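One structure below.
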Amino acid sequence: MKKYLLLTLSTFLLTLSYAQKDPILMYVDGKPVYKSEFLQIYLKNNPNPKYDKASLDEYLELFTKFKLKVAEAERLGYDTIPKLNNELEGYRKQLSTPYMIDSAKNDQLVREAYNRTLKERRASHILVKVDPNATPSDTLSAWNRIMGLKKRIDGGEDFATVARTKSGSDDPSARENGGDLGYFAAFQMVYPFEDAAYITPVGKVSNPVRTKFGYHIIKVVDERDARGSIQTSHLMVAVKKDAPKEEMEAAERKINDIYTELQQGAKWEDMVNKYSDDPTSMSKGGMLPVFGTGASTRMVPEFEDAAFKISKDGDISKPIQTDYGFHIIKRIEKFDVKSFDELKKELQNKVNRDERSKKNQNSFIAKLKKEYKYKNTASAGLKFFKNDLDSTYFEGKYTGSRLKTNTTLFTLNGKNYTQKDYLDYLTANYRMSKKSDISLFVDKSYLEFENAKILEYEESQLTKKYPAYKALMQEYHDGILLYEVMTDEVWNKALKDTSGLRTYFNLNREKYMFGQRYDALVYETYKPEIAEEVYKMIQNDTINSRHVIEKVNKESELNLTVRTNKFEMENTPFLKDQNLKPGINEPYLYDGKYYVVKVTEKLEPMPKELTETKGAVTSDYQNELEKQWLFEIAERHTVKIDKDVLYSLGK
């Protein structure tokens, strides 16, 4: 029969353990558990840790039970369940993120983003559309066109006039606004556009910049201190900007009439509900998303300007006009730009999701290539794909069946990545591809393949390189298995085993007792005069609690609260130690409130029925099942503990 083997390891194992940087604390079925894992969990659950023998022994007992449960889960095959492995893989991706970046570059990008939230830039642009997968000839044509437009502007033509011309900007809004985009800050434009706008001096025009939309030239018009962000609601009377004069004037009269009523005290929510033509905000009192510095939502400039001019929360603007109609804006709350330390985590998350993360990834991959002695030999091997790949690939039918070689394309840390590896990548990712020039497509997709494999390799090395990451992954692995095995072996068993639950209850009825109780009607108020009024009213047997409530709360529902129950004295502070008698008791003060209590009966201690204490019984039954289960698995698994390593924690 196997038992816990709480003993010191042999001299040989002790010597080996202490020779390591991370000594082995215990073996569970021969599998080592290191001191660092125990210490990490101990510190997480003990904010003010103690390292005396009693405290360490106590926590070791809990830790050992935890490890036994995980070992049993592995014995039962929970670590092979696809659903649990997928869940763990999701956590692996999340936990690996901080280790899969160039920290110095990341810090630089976060700081850059913060600096750009402090200053808003106003810019105009001219766009020449070009598809991200355009052929070289189409790309060149777009480049020549954008350079021709820039040459006209450099030659003295007005930027807005060039943007509006038929051969000018492909942004349809340019016909109206001359390319003016208003003010923006970090994260409100795609990153290459934002970067060019902040690098270009005020008053100057940028060189062409490529985004997913095409080529842009950008004129930086102005820079101002960031205004912060703002939460508003609005009431809108919709009217098209090109509506007939009579219709426009009628809409303006209507918004002015609404404004007058608001000035005279009409309730904002009522007016929005009655008159606003914005269906998306009408049911929410006109509430709009937060906009301004750092927010993803932007409003048209005249709306933003009017909102930021409102002097304090709760005030409303005079009616303003936009292309959508007339608006009255109510300021809900204004937020100044937070400090770097306050925004750092939020900015970090945005940088990781934003296009600028590619900068970080490229820098990180360059460092990995150097660390792992990367060698590229792809040129010859890629010729096959440039010659063999055809339109069948974009239909998901390409198999690369004519590939007879397996040339190495690149080497990383001594590991070769070959033509067949690239073929597997191509066939697995064809749905993400669009028809394009084959040679360009192969070059682009090969670079994506190479980057993916380098990052994949680095992720496989994280547990070796970073003990903290390894410990976290172990903790998540064990936590997922523990939850599932406890659900099946303990928690759900107790819920489903109704006969076992009743048997347990009948054997332990003395644990589930009511204390002394009052079967009572309780009147509660903050006002002594109301307590006296109630006390006098209920002397009349014909008056019930409904009559009392109707009279006393006629002016305000806050005057009086009434409740009836069988109250346990020990668990009801306002009844405890009051020595109440059956019948109507005089008003008394407790903790700032006045009570009038009508006691129907004083009940002596008595056993509870299962239905009256099922939650507590179920919890106790689960604990009993867990004890029994732990005894069984302790018989099945062997634990060896090195107490010297345990007690070294405090040193």
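The values are calculated or read from the model by the stated rules, or taken from the named source; none is laboratory data. As the structure is a computational prediction, the values presented were derived from the model and not from experiment. FYI the Cβ positions are ideal-geometry reconstructions off the backbone, even for glycines, and counts take in every protein chain you see. To get the accessible areas, we keep the full protein, side chains included, count just its heavy atoms, and leave off ligands, DNA and RNA. Shrake-Rupley method; radii C 1.70, N 1.55, O 1.52, S 1.80 Å.
Inter-label distance, N413 to A250: 7.4 nm, where each label sits 7 Å from its Cα along the C-beta direction. Geometric descriptor of region 532-578, per residue, is 106 Å³ (volume of the convex hull of the Cα atoms). Residue order by solvent-accessible surface for K593, K464 is K464, K593, largest first, with ligands and nucleic acids left out and a 1.4 Å probe. With the simple spin-label model, which puts each label point 7 Å out from Cα in the Cβ direction, the T97 to L403 separation comes to 3.3 nm. Rolled with a 1.4 Å probe across the full set of protein chains, the surface gives F187 an accessible area near 40 Å².
Calculate how large, on average over all directions, the projected area of the Cα convex hull of the chain is; give the answer in nm² to one decimal.
The Cα convex hull of the chain, projected and averaged over all directions, gives 48.2 nm².
Highest mean packing first, where packing is the average number of other Cβ atoms within 10 Å per residue, the peptides 354-361, 413-420 line up as 354-361, 413-420. Using the Cα centre of region 598-651 as origin and beta-carbon charges of +1 (Lys, Arg) and -1 (Asp, Glu), tell me which of N623, S648, L610 is placed farthest towards the positive end of the dipole. Most positive-ward Cα: S648.
Once both labels are modelled 7 Å past Cα along the beta-carbon direction, what's the Q539-D242 spacing in nm? In this crude spin-label approximation the distance works out to 8.3 nm.
Ellipsoid semi-axes for region 207-283, based on the Cα gyration tensor and the rule √(5λ), read 37, 19, 14 Å when sorted largest first. Size descriptors for region 515-651: radius of gyration and Dmax over Cα atoms are 25.6, 78 Å. Measuring only protein heavy atoms, the 1.4 Å probe finds L560 accessible over about 10 Å². Each listed q (0.17 Å⁻¹) maps to a log10 I(q)/I(0) for region 447-565, found by the Debye formula over equal Cα scatterers with no solvent: -0.94. Where both bridge residues fall in the chain, DSSP classifies roughly 95% of the beta bridges as antiparallel. Using the 1.4 Å probe convention, the accessible area of region 404-454 works out to 54 Å² per residue with neighbouring protein chains retained.
Residues K627, K241, K496, K166, ordered by accessible area of protein heavy atoms at a 1.4 angstrom probe radius and largest first, appear as K166, K496, K627, K241. Per residue, the solvent-accessible area of region 554-650 (1.4 Å probe, heavy atoms of protein chains only, all protein chains present) comes to 59 Å². If the viscosity is 1.567 mPa s and the temperature 4 °C, what Stokes-Einstein diffusion coefficient in µm²/s follows for region 23-85 when Rh is the Kirkwood radius over Cα pairs? Roughly 99 µm²/s, to the nearest whole number. Using a probe radius of 1.4 angstrom, the carbon and sulfur fraction of the accessible surface of the chain is 51%.
Overall shape of region 368-417 was characterised from the C-alpha gyration tensor. The equivalent ellipsoid obtained from it has semi-axes of 27, 11, 9 Å, in decreasing order.
Subtracting the Cα-Cα distance from 0.36 nm times the residue separation, let me have the gained length for K651 to Y483 in nm, one decimal. Display every interim value, and only then the final one.
Details: separation 168, 0.36 × 168 = 60.48 nm, distance 3.38 nm.
Result for the pair: 57.1 nm of gain on full extension.
The slack in the chain from I199 to L43, taken as 0.36 nm per residue of separation less the alpha-carbon distance, amounts to 51.5 nm.
A Stokes-Einstein calculation at 10 °C with viscosity 1.306 mPa s, built on the Kirkwood radius of region 179-226 over Cα pairs, returns a diffusion coefficient of 143 µm²/s. Using 0.36 nm per residue and subtracting the Cα-Cα separation, the extra length available between K375 and F514 on full extension is 42.3 nm.
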